[in-house]
Amino acid sequence: MLVPVLSLLAAMCTPPPAEVVAVPFATQEMIVVVRDKNTVVLCDPATGRWLGAARVAWSDGEIVGQPVLSGNRLTVTVLEKGRTMVRIYEIPSFRLLQTIYP
């Protein structure tokens, strides 16, 4: 009797696999986290599961500031080659919609 209970607890405590899964925006609450100087990760705050990731700073660039998620748009400010730019992505596909050079 103890073995099935332990295996059930082990199954409940096992973290989800680290895979990128496309989730329809309307059914999922999401947050964006900066993983490193080039990459942002889309997460489910309830489970911590990754919903997607994207490298938003290319070549020698890096993310400056905190990404902003509003509806199905993600805005990220990036510094590349001494120039600041704002990139706007569609979420959850991470499709680049626009680059603004302020």
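The values are calculated or read from the model by the stated rules, or taken from the named source; none is laboratory data. Just so it is clear, the structure is predicted and the values come from calculations on it, not from any experiment. Glycine also receives a Cβ, built like all others from the backbone with ideal geometry; neighbour counts cover every protein chain displayed. Ligands, DNA and RNA are stripped out before the accessible areas are found, and what is left, the full protein with its side chains, is counted by its heavy atoms. Shrake-Rupley method; radii C 1.70, N 1.55, O 1.52, S 1.80 Å.
Annotations for the structure displayed:
- Single residue of the stretch 61-92 satisfying the filter (outside any strand (DSSP E or B) and in contact with a strand residue (DSSP E or B) (Cβ under 8 Å, 6 or more places away or on another chain)) that is most open to solvent (accessible area, probe 1.4 Å): Gln66
- Lone qualifier among Leu51, Leu6 - being out of contact with any strand residue (DSSP E or B) (no Cβ under 6 Å at 6 or more places or on another chain) and modelled with pLDDT under 90: Leu6
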